[in-house]
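What follows is calculated from the coordinates using simple rules that are stated; it is not laboratory data. Everything numeric here is computed off the predicted structure, so don't read it as measured data. Methodologically, a virtual Cβ is constructed for each residue, glycine included, from the backbone with ideal geometry; neighbour enumeration extends over all protein chains shown.
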Amino acid sequence: MLTTALVAVLALLALVSAGTGAYDIPLGDVLASVQHHLGLGGAPLDRVGESVLWNVRLPRVVLALLVGAALGCAGALMQGVFGNPLAEPGVIGISAGAAVGAVAAIGLGLSFFGNWTITVCAFVAGLITVSSVYLLSRNGGRTEVVTLILTGIAVNAFAGALIGLFVFFADSGQVNQITFWQLGSLAQATWPKVLAVLPCAVAGLLVAPLYSRRLDLLALGERPARHLGIDVERLRLSLILVVALLTAAAVAVAGVITFIGLLVPHLLRMANGPGHRFLVPGSALAGAVVLVAGDLAARTLAQPAELPLGVLTALLGSPFFFWLLRRTRRKQGGWA
């Protein structure tokens, strides 16, 4: 029932988002145009309406769907790998690390992989970041929540310093691009960008559910999981690669958008329990819902201006993270 509800809400939000903006398109006309392009009947819009819908709105909606699904799924995997509900790619610095890779590619004018250069640089930087955080947060064979968060704070600060250096030495055109990565936005969505992120996002989203059963066993603890035949270190390494791929794909096209991976899996866990067979794909679906809705709000709340999407998610996600931090500490009886 929850999956059906999420699919229905996502479909409705996508249609509403595609029709809402400075040039409003009625919902029925959006459906008719989509049906026409799919060869299922319907009718095309006028020339301006077709251009706005297919060249501006739909690429943005599809990109929001892919980025939201990638971030939601990455958050669920991170929480499963680290064994606590406070882990999230943005909170512990993976998004910032991936952004450093993308900003470095922009600032240094790298182009050795053509259109894939920024994505590759973001992936490598994200992988290095998540590996560092994982190693530094381990103590006595387990991951400590406090160490995880403090390490994330340090990594975010260091990444911010590196981005500041690139801004200092960049020209005006590069500064505008770097600012885009820092604030997070889908304003520059195009079909080529959708196609650039599609392979990475789809690969990660298809692979992630295959680890659901092993994540359930890992939730029992490392020692019971080993007794049940799980190679814990290999599992964590594989999932770290998947998380880095999903996060890098999202950061490479949308910049730093935080708290989606923290908020979405936790809410689904509260609604449907901790089983990863639903939690992993469900977080991808709910992440898409949240980001499509967030992008719609960013475009419409301050018209004709547009709010940065990353700023909006941080404003809404920070109070939730604070509440979750206090709730977790209270349940554990303190951190000591």
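Points to keep in mind about this one:
- Residue among P44, P308, P209 with the largest mean-square fluctuation in a Gaussian network model of the chain, springs linking Cα atoms under 10 Å: P44
- Taking the chain and dividing mean pair separation by its residue count, relative contact order in percent (alpha carbons under 8 Å, at least six apart): 29
- Residues T247, T129, T4 in ascending order of nearby Cβ atoms (within 10 Å, fewest first): T4, T129, T247.
- Labels on offer are (1) 65, 53, 35; (2) 83, 49, 48; (3) 181, 75, 50, and the one holding Cα extents along the principal axes in Å computed from this structure is (1).
- Comparing V56, V251, V280 in a Gaussian network model of the chain, where Cα atoms under 10 Å apart are tied by springs, the biggest mean-square fluctuation is seen for V56.
- Assuming charge only on the beta carbon of Lys and Arg (+1) and of Asp and Glu (-1), the dipole of the chain about its Cα centre is about 1160 debye to the nearest 20.
- Note on the chain: dipole from Cβ charges, positive end direction compared against I94, L217, L285; the farthest Cα belongs to L217.
- Region 40-106 and region 272-336 have Cα centres spaced 14 Å apart.
- For the chain, modelled as a GNM whose springs connect Cα atoms under 10 angstrom apart, the maximal fluctuation among A252, A187, A87 occurs at A187.
- Per-pair calculated FRET efficiency, R0 = 35 Å: V56 and R327 via Cβ, rounded to 0.05: 0.25
- One Cα centroid belongs to region 120-192, the other to region 210-265; the line between them spans 18 Å.
- Unit charges at the beta carbon, dipole of the chain: most positive-side option, V81, A159, Q188: V81
- Per-residue ellipticity at 222 nm, computed for the chain from helices alone with -39500 (n - 2.57) per DSSP H run of at least four residues, works out to -24500 deg cm²/dmol.
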